[in-house]
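The values are calculated or read from the model by the stated rules, or taken from the named source; none is laboratory data. No experiment lies behind these values; they were computed from the predicted model shown. Here the Cβ is made from the backbone with ideal geometry for all residues, glycine too, and neighbour counts use every protein chain on show. All accessible areas refer to the heavy atoms of the entire protein, side chains included, with ligands and DNA or RNA removed. Shrake-Rupley method; radii C 1.70, N 1.55, O 1.52, S 1.80 Å.
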Amino acid sequence: MENGSQRKWQFGGNEELNTAAISVRGALAMLMNNVNNPDDGDHHPQRPTIMLGRGDPTEFRSFWTTQSAVDAVTDALQSFKFNSYCPTGGVLEARRAIAEYLSRDLSHKLLAEDVYLTGGCTQAIEIMVSVLARPSSNILLPRPGYPQYEARASFDHLEVRHFDLLPEKGWEVDLDAVEALADHNTAAIVIINPSNPCGNVFTYQHLEKIAETAKKLGIFVISDEVYGHLTFGSNPFVPMGKFSSTVPVITLGSISKTWIVPGWKLGWIVKNDPKGIFDKTGIVDSIKNYLDITTDPATFIQGAIPQIFERTKETFFSNIIGIMKEAADIVYEMIKEIPCLTCPHKPQGSMVVLVKLNLSTLEGIDDDVQFCLKLAKEESVIVLPGVTVGLKNWLRITFAVELPVLEDGLQRIKAFYQRHAKKQ
């Protein structure tokens, strides 16, 4: 300051936010920035960008949510009853409605006090990871998996240990690896069912084995069921809560995918724990204490939940599932026509599928990130590189788009392969 010297500022950004695990949003932003500029004049500059990298089909009319859900939100707003702050855990009527909705698939009855409302499933993940982040603790995460878990664990200094999902076994959990990874500091195992990013649905028998393994290890199960009931294959959706008499289960979910309203940001943490183990071990107190210091989902969305659940007709869900089934068939069959891609299993649930990238068939492409960057630039098609979800040289393809758009996108990927195929 004096004599022209410059002040030394004492603040700076949190570097740990810059070194956290890669995010889906970050990867998609990078790819979108690489889409060809119309002024560049390369390949097909006038064609619209096709997004096959994000599970958000709300731009397509065939995926619009049911009118009864929109009416429920309108009614909640116009009632003037939901303009206030909400109590810790959420609006009681909404918690009760969610408990009743989830209890339909369980052998035990959930109560409103078992449900804690969150700002989408993302906040539910953040809360549960923070709850477990005690010194020296670790958590078991699937590989491939959803990167939000690892990113949050890194930020909270919670050690992550990865177990593999086995493509040759329909992406089942490698339970032998789980037993080898766990130790006396392991708190929980995370499963995602139906799976993002694999597109598989676990069988009853496999979930039962997961429960028995967790009990043997003295850990609980966090079951991410944000895609619950979005299934269209031979395996029906079975909630992990069915096995809560064997092992305590925390279920994470939301209305984002089932009702196709990710922007409404209404999720939940649900304890399936008939023996009261979460209360005895302090997990419940930690969840409540976190909720006391964080933001809540919009009160008027909470207020709409009972009416949304009561008035949504089954035809809405069956129509969405019908579209997804047809899209899954298309993506599976068309990938067979693209030699650089291999789909180990036809998707049975969620909105995505994981396919292996066969680099030996390609010229001048070294890995999945380079493939996706070049595809975005040359064909204006966005798919997610597998490294984002923990599996290098794979690709996650979202098929929750209108069918002509999906076919166009896959044809462009085929054309991209033909242009970059290794010469024989």
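Some points to look at:
- In the chain, helical runs assigned H by DSSP with n ≥ 4 each contribute -39500 (n - 2.57); averaged across all residues and rounded to the nearest 500, the mean residue ellipticity at 222 nm is -11500 deg cm²/dmol.
- Number of Lys-Lys pairs in region 215-274 with C-alpha atoms under 28 Å apart and a separation of 8 or more places or on different chains: 9.
- Filtered chymotrypsin sites (Phe, Trp or Tyr not before Pro), region 204-236: DSSP coil and at most 10 other beta carbons within 10 Å: none
- Separation between Cα centres of region 126-196 and region 302-350, rounded to whole Å: 26
- For Leu384, net neighbour charge (Lys/Arg +1, Asp/Glu -1) across residues whose Cβ lies under 13 Å away: +2
- Loop GluC sites (Glu not before Pro), region 46-108 (other Cβ atoms within 10 Å of the site Cβ: 12 or fewer; DSSP): Glu59
- Top of Val129, Val284, Val352 by mean-square fluctuation, Gaussian network on the chain, Cα under 10 Å: Val284
- Exposure rank, largest accessible area first [Asp366, Asp75; 1.4 Å]: Asp366, Asp75
- Estimated Rh, the chain: Kirkwood, alpha-carbon pairs, angstrom: 22.8
- Rounded to whole Hz, the Karplus (6.51, -1.76, 1.60) HN-Hα couplings of region 249-260, x for glycine and proline: 10, 9, 9, 10, x, 6, 8, 4, 8, 5, 9, 6
- Each 5 Å bin, from zero up to the one with the longest distance, holds this percent of the alpha carbon pairs of region 263-410: 2, 7, 12, 14, 12, 10, 11, 12, 10, 6, 3, 0.
- Over the C-alpha trace of region 262-303, radius of gyration and Dmax come out as 12.9, 36 angstrom.
- The eigenvalues of the Cα gyration tensor, multiplied by 5 and square-rooted, give region 323-400 an equivalent ellipsoid with semi-axes of 21, 13, 12 Å from largest to smallest.
- Charged neighbours of Ile413, selected by a Cβ distance under 12 Å, balance to -1 (K, R count +1; D, E count -1).
- Applying D = kT/(6 pi eta Rh) to region 152-289, where Rh is the Kirkwood radius over alpha-carbon pairs, T corresponds to 20 °C and eta to 1.002 mPa s, the Stokes-Einstein value obtained is 135 µm²/s.
- Spatially proximal lysines relative to Lys423 (Cα-Cα < 17 Å; intrachain offsets below 8 disregarded): Lys414
- Environment charge at Ala72 (Cβ cut-off 9 Å; Lys +1, Arg +1, Asp -1, Glu -1): -2
- Of Leu77, Leu17, Leu117, the one that fluctuates the most in a GNM where the chain has Cα springs shorter than 10 Å: Leu17
- Shape category assigned to region 285-338 from the gyration tensor of Cα positions, a/c cut at 1.5: oblate
- Converting phi to 3J(HN,Hα) with the Karplus coefficients 6.51, -1.76 and 1.60 and the offset θ = phi - 60°, region 72-88 yields 5, 5, 4, 5, 5, 5, 6, 6, 6, 8, 10, 9, 9, 5, 10, x, 4 Hz in sequence order, with x at every glycine or proline.
- Put simply, when 383-392, 155-164 are sorted by average Cβ atoms within 10 angstrom per residue, most first, you get 383-392, 155-164.
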